[in-house]
There are 2 protein chains.
Amino acid sequence: MSNVLIVHAHPEAQSLTGSLKNLAVETLTAQGHQVQVSDLYAMHWKAVADAADFPQRKNANRLRYASESGNAFATGTQPADVVAEQQKLLWADAVILTFPLWWFSAPAILKGWVERVYAHGFAYGIGPHGGERWGDRYGEGALAGRRAMVVVSIGGREPHYSERGVNGRLDEILWPIQHGQLFYPGMDVMPPFPIYQSDRLSEERWVEVAAAFKVRMENLFTDTPIPYRTQNGGHYDGQQVLKPGLGSGETGLRIHLAQQGDPVENLDSAEPPPTALARA
Amino acid sequence: MSNVLIVHAHPEAQSLTGSLKNLAVETLTAQGHQVQVSDLYAMHWKAVADAADFPQRKNANRLRYASESGNAFATGTQPADVVAEQQKLLWADAVILTFPLWWFSAPAILKGWVERVYAHGFAYGIGPHGGERWGDRYGEGALAGRRAMVVVSIGGREPHYSERGVNGRLDEILWPIQHGQLFYPGMDVMPPFPIYQSDRLSEERWVEVAAAFKVRMENLFTDTPIPYRTQNGGHYDGQQVLKPGLGSGETGLRIHLAQQGDPVENLDSAEPPPTALARA
C-alpha cells in the first residue's frame, strides 16, 4: 500500500472539485492507501511568496527569493507551514492536485503553494550543472519515484480545448503545471482528469464522471505516465535543446514526448539523488 | 498622448524587474503619456479569490465564484480594490505586466489580481453565445482597443526556452497569460520582453537590456501585435475549432496565429461592446 497526498484548491467544499477530492480520498482509502489532504483554502494557506517567509535573512538589504529560500532550507529556518508540506511531499508516493481551471491556470493559492514549498535546494538547484546535464530536473530530482496527477474542473466546453480549439489544447495549457511544476522536480505525471462544463453537471453526468474518476484512482499506480523526455536521458544537447531528428512528426510542446525509435535512455542513475531531507 | 497601466509583481524594489518597471515609467512619462502603477506587493494585494470578496452573497449556501462576481459587478457591491483596478484597466490605452517567471508562470499575487479583477460580466461572460460566436472574447470584449505587453525576467538561459528547448518555447509557456488573460478580454498583445539569466546580469548587459527595453516602450503604440486569430473573425467553427486548412505549416499553439492567405476578417464590429462600466 502507498501514500497519497492530495493538494486541493477550491473555496467551496460543496463544489464539483470538492466532490472529486472526497471521492479520491474514499477510493484510495478503500484500496488500503494512506491519504493526506492539504486543503489550501481551509488551511488559509499563505499564497504570497514574500519577505515574511524569511525572518532570518541571508541578505537583509535585498530580497532574492530563491537565494533566501535556499538559505532557509539549508539552515532549517523555513516557515513551519512550508516544512510541513515538504514533508508530506517526501512522504507521498503520489501527489494529486485538484483545482478549477481559472484563467487557463491554477488558482493563485495553489501557485503560491508551489512557490513557497518548492525551496531552492529542495525542488530545484540540485545536482551537477555542466555538459549535457543541467541539474537534477525533468525526471530526476528530490521527488523522483513519485507519481503526480492533475484533476481539473473546467467551465468551458471540451471542443474549445481540443487539438485545434480556440483556447489551445489542454495539454499545452497545462504544460507549465504538468511539465514545469510536477515533472521538473522528478515526478512521473499521469494524464490529467479534466471535467468540462463543470458548472452545469447533471446528476446523470456526475454518475458517469464519478465512475470514470474512480477507475483512474484505482489505477493511479499502474496507469502509464505521460512520456515526457527526461532532461538527462540523452535527448537534449549541452544547450538543453532537443537533438536533431527527435520529435519529428510532432507539433508544439509534444516534441518533448518520447517516441518509438528514440535512443535508449542513459540516465546516470535510476535512483533519486540525495537531498538534505531524508525520505520519511 | 495615451494612458498606460503597469501591473507590477515583484517583492523587491531593487530587483531587475523593479528597475525595468521604473524605466518604463520614466520612458513613457518622458513621451508625455500618463502612467499608473499597480505595485501589487507594495499594495499588499489580496491574492486569494474567496468568499470574503462577496459580503453580500447571491447564494449564501454555496460559493460559485463566477456567479457571485457577476452579481457583485452588476449590483455595484464589488470590493473597492477590485473596482479600482477595473477602472484603471478601462482608463488605460495599454497595460504592461512586469513580473519574474516563477515556475513557468506569473507570481501567485499577479494570478490573484486576474482572478479577482476579471469579474464575470466585466472580462468574460459578455456578448451573444451561439452559432460561430461564443461571447465577446479573443479580440473582442471590454478591453478591446487596448494594447498589452508582458515584461518578464527569467532566471534560466535563453536556449532552454527556445524553439526546441527543454523548458518549452517561451511563447507557449506564456500562452495562458498572453492569449488566455490579455487577448481574451480583447487586448492586442505585443511580443513579450524577456530577460534571461536575470539574476546574474552584469552592468554591461544591463546597459544593453535597458536600451532595448527603452525602444520597446517608445514603440509601444506603433509596434505590431502578436497576430492571434480573433474568435469571431471567421477562423473558428461553431465548436470554436479552427477551420480546416487554417494554420497549416505551423506547430502547436502557433496554429492560432493569423497567416497570409487567411480569409478576410469578418468581425461584427470593430468597436468594443458596451459594458456596464463606461470607459473613463
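Working only within region B:51-89, note down all residues that are among the hydrophobic types (A, V, I, L, M, F, W, C), out of contact with any Pro (no Cβ under 8 Å at 6 or more places or on another chain) and either under 20 Å from A:ASP39 (Cβ atoms) or surrounded by fewer than 19 Cβ atoms within 10 Å (Cβ to Cβ) (or both). Within region B:51-89, B:ALA52, B:ALA60, B:ALA66, B:ALA74, B:ALA80, B:VAL83, B:ALA84 qualify.
The residue that is most open to solvent (accessible area, probe 1.4 Å), among those in region A:158-200 that are free of Cβ contacts under 8 Å to residues at least 12 places away in the same chain and within 18 Å of B:ALA66 (Cβ to Cβ), is A:ARG200.
Could you say whether any residue in region A:118-137 is modelled with pLDDT of 95 or more, of a type in the set (Phe, Trp, Tyr) and out of contact with any Leu (no Cβ under 8 Å at 6 or more places or on another chain)? Looking through region A:118-137, at least one residue is modelled with pLDDT of 95 or more, of a type in the set (Phe, Trp, Tyr) and out of contact with any Leu (no Cβ under 8 Å at 6 or more places or on another chain).
Conditions (1) over 13 Å from the mean Cα position of the chain (by Cα); (2) farther than 29 Å from B:GLY112 by Cα, marked per residue:
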position	(1), (2)
A:VAL95	no, no
A:LEU101	yes, no
A:SER105	no, no
A:LYS111	no, no
A:VAL114	no, no
A:ALA119	yes, no
A:PRO128	yes, yes
A:TRP134	yes, yes
A:ARG147	no, no
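Look at (1) at the interface with another protein chain (Cβ under 9 Å from one of its Cβ atoms); (2) touching a strand residue (DSSP E or B) at 6+ places or on another chain (Cβ under 8 Å); (3) among the charged types (D, E, K, R); (4) farther than 24 Å from B:GLY156 by Cβ and you find that A:GLU115 fails only one, number (4). For region B:151-187, residues that are of a type outside the set (Phe, Trp, Tyr) and either touching a Cys at 6+ places or on another chain (Cβ under 6 Å) or closer than 21 Å to B:GLN231 by Cβ (or both) total 13.
For region B:97-109, the criterion of being crowded, with 20+ Cβ neighbours inside 10 Å, touching a residue at least 12 places away in the same chain (Cβ under 8 Å) and in a helix (DSSP H, G or I) is met by at least one residue. Determine whether A:HIS129 is under 21 Å from A:GLN78 (Cβ atoms) and within 11 Å of another protein chain (Cβ to nearest Cβ). Here the answer is no, as A:HIS129 does not meet what is asked. Tallying residues that are of a type in the set (Phe, Trp, Tyr) and farther than 26 Å from B:PRO11 by Cβ within region B:29-64 yields 1. Restricting attention to region A:201-258, the residues that are surrounded by 18 or more Cβ atoms within 10 Å (Cβ to Cβ), at the interface with chain B (Cβ under 9 Å from one of its Cβ atoms) and hydrophobic (A, V, I, L, M, F, W, C) add up to 4.
Among the residues of region B:32-50, write down those that are in contact with a Lys or Arg (Cβ under 9 Å, 6 or more places away or on another chain) and open to solvent by less than 20 Å² (accessible area, probe 1.4 Å).
Initial filter on region B:32-50 (in contact with a Lys or Arg (Cβ under 9 Å, 6 or more places away or on another chain)): B:36-39, B:45-49.
B:SER38, B:TRP45, B:ALA47, B:ALA49, listed by residue number.
Filtering region A:3-31 to residues that are touching a Phe, Trp or Tyr at 6+ places or on another chain (Cβ under 6 Å) and either farther than 25 Å from A:ARG200 by Cα or open to solvent by 30 Å² or more (accessible area, probe 1.4 Å) (or both) leaves A:ASN3, A:PRO11. Pull out all pairs, ordered by first then second residue, where Cβ-Cβ is under 6 Å, the residues are six or more apart or on different chains, the first lies in region A:79-92 and is more than 16 Å from A:ILE109 (Cβ to Cβ) and at pLDDT 95 or above, and the second is of a type outside the set (D, E, K, R) and surrounded by fewer than 22 Cβ atoms within 10 Å (Cβ to Cβ). The qualifying pairs are A:LYS88/A:GLN36; A:LEU90/A:LEU277; A:LEU90/A:ALA280; A:TRP91/A:ASN3; A:TRP91/A:ALA280; A:ALA92/A:ASN3.
Among the residues of region A:29-36, is any within 11 Å of another protein chain (Cβ to nearest Cβ) and of a type in the set (Ser, Thr, Tyr)? Scanning region A:29-36, I find no residue that is within 11 Å of another protein chain (Cβ to nearest Cβ) and of a type in the set (Ser, Thr, Tyr), so the answer is no. Taking the criterion of being within 18 Å of A:ALA123 (Cβ to Cβ) and in a loop (DSSP other than H, G, I, E, B), would at least one residue in region A:188-197 satisfy it? No, the conditions are met nowhere in region A:188-197.
Results for (1) of a type in the set (D, E, K, R); (2) assigned to a helix (DSSP H, G or I), shown as yes or no for each residue.
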residue: A:ASN61; (1), (2): no, no
residue: A:ALA72; (1), (2): no, yes
residue: A:GLY112; (1), (2): no, yes
residue: A:ARG116; (1), (2): yes, yes
residue: A:LEU143; (1), (2): no, no
residue: A:GLY156; (1), (2): no, no
residue: A:HIS160; (1), (2): no, yes
residue: A:ASN167; (1), (2): no, no
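The set of residues in region A:51-72 being under 24 Å from the mean Cα position of the chain (by Cα) and among the hydrophobic types (A, V, I, L, M, F, W, C) consists of A:ALA66, A:ALA72.
The values are calculated or read from the model by the stated rules, or taken from the named source; none is laboratory data. None of these values were measured; they are calculated from a predicted model. When we count neighbours, we look across all protein chains shown, and the Cβ atoms used for this are built from the backbone with ideal geometry, even at glycine. Please note that ligands, DNA and RNA were not included when accessible areas were found on the heavy atoms of the full protein model with its side chains. Shrake-Rupley method; radii C 1.70, N 1.55, O 1.52, S 1.80 Å.
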